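First up is the structure itself, then whatever we jot down about it.
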Amino acid sequence: MIPHGDRGKPLQAVLFDVGNTLLHLDYEWLAGLAQALGAGASPDDVGRADARVRRRGWPEAEEDDRPTAFFPGYFGAVGMEIGLSPADALAFAASAEREHLRDQRGIWRSAAPHAAETLQAIAAQGLRLGVVSNSDGRVEGQLALAGLRASFSVVIDSHIAGVEKPDPRIFHAALGALSVAPQAALYVGDLWAVDVLGAHGAGMDGVLYDRWGAYPEIGAERIRGLRELLLRIRPD
Ligand SMILES: [Mg+2]
């Protein structure tokens, strides 16, 4: 029996976010782009800037209903955060969007450190694995290209499901496919409001994956790397 938080129900499944949890932004590529635009940003600088933007949110692009409308707002904010001028930040965002659409892996294409071995170790304990991702219909293929797809019994992509996190229905879609109750599942993601509070809203425990230490004051469960999950779910 694997203890599971305060809920007293044995853990049966672990569900994951993808963007910046299993597959991280390609910070090397983005740092190269930033340098081409005149900002002296290292890959880690871009990662920390990205984490700060994700924590505080970013401006919505108005009067723009393209499926990728968030790119100017999100990557524009990251560009400003690493010191680009507003005009160069928009150029940074436009190049990031082109790269995301050009490469079938997208731009969230760097597998998280120790992702494959951690997933295998969790599965070896008899737990089911699933994915719940706010994505554009490509997430299952991107997991396959990263060599991670085979670990998961279910992959839910919001574009296909027609509902996004933090709506509890998208979490329940994955749990239903696994025949696992929310109280017996754990969700892991990098966005506090969307992933952790979304999981709570669906009746699940949530763990915040805070790779860059953007949430130092949050009292909830927080990991800095995926391997820390193995301590969380290790049987007694
Ligand atoms: Mg994410």
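Any idea what angle helix 43-56 forms with the longest principal axis of the chain, computed on alpha-carbon atoms, 0 to 90 degrees, nearest 10?
The answer is roughly 70 degrees.
Say we join alpha carbon atoms closer than 10 Å with springs in a Gaussian network model of the chain; which of Pro166, Pro113, Pro216 then has the biggest fluctuation?
Highest fluctuation among the options: Pro216.
Using Cα pairs closer than 8 Å and at least 6 residues apart in sequence, work out the relative contact order for region 68-128, in percent.
Details: 35 pairs, mean separation 14.5, N = 61.
Computed value for region 68-128: 24 percent relative contact order.
By how many degrees, 0 to 90 and rounded to 10, does the Cα axis of helix 70-81 deviate from the longest principal axis of the chain?
Once rounded, one gets 70 degrees.
Calculate the length of the line joining the C-alpha centroid of region 85-140 to that of region 202-236, in whole Å.
One Cα centre to the other: 19 Å.
Can you tell me the relative contact order of the chain? Whole percent, Cα pairs under 8 Å, sequence separation 6 or more.
24
We did not get these values from a lab; they are worked out from the coordinates using the rules stated. As the structure is a computational prediction, the values presented were derived from the model and not from experiment.
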